[in-house]
1. Please find, among Asp52, Asp94, the residue that is at pLDDT 95 or above, among the acidic types (Asp, Glu) and either farther than 16 Å from Leu148 by Cβ or touching a Cys at 6+ places or on another chain (Cβ under 9 Å) (or both).
2. Would you mind stating whether Thr128 is β-branched (Val, Ile, Thr), open to solvent by 40 Å² or more (accessible area, probe 1.4 Å), under 26 Å from Leu62 (Cα atoms) and touching a residue at least 60 places away in the same chain (Cβ under 8 Å)?
3. Kindly indicate whether Ala55 is farther than 12 Å from Asn165 by Cα, free of Cβ contacts under 8 Å to residues at least 12 places away in the same chain and in a loop (DSSP other than H, G, I, E, B).
4. What's the total number of residues in the stretch 29-42 that are in contact with a Ser or Thr (Cβ under 8 Å, 6 or more places away or on another chain), surrounded by 14 or more Cβ atoms within 10 Å (Cβ to Cβ) and of a type outside the set (Ser, Thr, Tyr)?
5. When only residues in the stretch 102-125 that are open to solvent by 80 Å² or more (accessible area, probe 1.4 Å) and closer than 19 Å to Gly73 by Cβ count, which is farthest from the chain's Cα centre (by Cα)?
6. For residues that are over 14 Å from the mean Cα position of the chain (by Cα) and crowded, with 17+ Cβ neighbours inside 10 Å, tally how many sit in the stretch 152-168.
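The values are calculated or read from the model by the stated rules, or taken from the named source; none is laboratory data. No experiment lies behind these values; they were computed from the predicted model shown. Backbone-built Cβ (ideal geometry, glycine too); neighbour counts: all protein chains shown. Surface areas here come from the heavy atoms of the whole protein model, side chains and all, with no ligands, DNA or RNA. Shrake-Rupley method; radii C 1.70, N 1.55, O 1.52, S 1.80 Å.
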Amino acid sequence: MKNKSANEIKKIIYDSFNVSANFTRPANTTAYAQYDAMNNSTSAPVVLTFSDVGAENGENVLIQEVSIKTTNGASLLPDMNLWLFSESVTATNDNSEMSLTDAHNLLILDVIPLTDSYKAALNGIAKTHNISSQIKLKSTSKNIYGLLQADAAYTPISEEVFTINISGMRLS
């Protein structure tokens with residue numbers, strides 16, 4: 001067998017990332033219905049920004065795990081969906097059915113379902129394990145952006161805090 005030169009071998013380097021974003025929901029206990037947007041405001045919601053997912057602009061990354069922690073220990077979290085985008089989009093008001101423009105729909109990188117919920121007395125967590133979602137970041141950015149959506153009815157607590165964590169590998 002002939003030895004290959006260094007120029008003939010493509011080297012793949014893996015570097016891990018672990019990023020998070022959080023929000024405090026409004027001071028109410030209005031129940032969420034399936035498909036409702038879950039965010040920080042009923043009038044001026046903010047899109048979640050996950051900074052420095054990539055080490056370089058336009059990098060390929062592999063998302064392997066997503067978790068959402070909450071300060072609500074009263075009940076299990078519902079099934080939720082984390083919508084990921086290549087750039088910031090317009091967020092839907094909290095407790096309204098999530099809506100995207102056609103232009104924003106084209107920016108979707110992935111939708112990650114969060115279906116495994118765990119509860120303790122004062123807080124809870126929802127996770128998705130063993131994800132293998134490879135995405136390419138926008139050529140001018142190292143970030144991804146997210147919107148959280150209820151996929152089942154859920155009664156929150158007032159000013160509940162959600163912390164969303166995404167981890168995986170950078171592929172270069």
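1. Working: Asp94 fails: either farther than 16 Å from Leu148 by Cβ or touching a Cys at 6+ places or on another chain (Cβ under 9 Å) (or both).
Among Asp52, Asp94, only Asp52 is at pLDDT 95 or above, among the acidic types (Asp, Glu) and either farther than 16 Å from Leu148 by Cβ or touching a Cys at 6+ places or on another chain (Cβ under 9 Å) (or both).
2. On the way: β-branched (Val, Ile, Thr): yes; open to solvent by 40 Å² or more (accessible area, probe 1.4 Å): no; under 26 Å from Leu62 (Cα atoms): yes; touching a residue at least 60 places away in the same chain (Cβ under 8 Å): yes.
For Thr128, the condition - β-branched (Val, Ile, Thr), open to solvent by 40 Å² or more (accessible area, probe 1.4 Å), under 26 Å from Leu62 (Cα atoms) and touching a residue at least 60 places away in the same chain (Cβ under 8 Å) - is not met.
3. Details: farther than 12 Å from Asn165 by Cα: yes; free of Cβ contacts under 8 Å to residues at least 12 places away in the same chain: no; in a loop (DSSP other than H, G, I, E, B): yes.
Judged against the criteria, Ala55 is not a match.
4. 4
5. Among residues in the stretch 102-125 that are open to solvent by 80 Å² or more (accessible area, probe 1.4 Å) and closer than 19 Å to Gly73 by Cβ, the one farthest from the chain's Cα centre (by Cα) is Ala121.
6. So the first thing to find is which residues in the stretch 152-168 are over 14 Å from the mean Cα position of the chain (by Cα), and the list is 152-161.
Next, from what is left, pick out any that are crowded, with 17+ Cβ neighbours inside 10 Å: 154, 156, 160.
Within the stretch 152-168, residues that are over 14 Å from the mean Cα position of the chain (by Cα) and crowded, with 17+ Cβ neighbours inside 10 Å number 3.
Here's the yes/no breakdown for (1) at pLDDT below 95; (2) assigned to a strand (DSSP E or B); (3) under 14 Å from Tyr32 (Cβ atoms); (4) not aliphatic (A, V, I, L, M):
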position	(1), (2), (3), (4)
Val61	no, yes, no, no
Ser75	yes, no, yes, yes
Leu84	no, yes, no, no
Leu109	no, yes, no, no
Asn130	yes, no, no, yes
Ser139	no, no, no, yes
Lys142	no, no, no, yes
Pro156	yes, no, yes, yes
Asn165	no, yes, no, yes
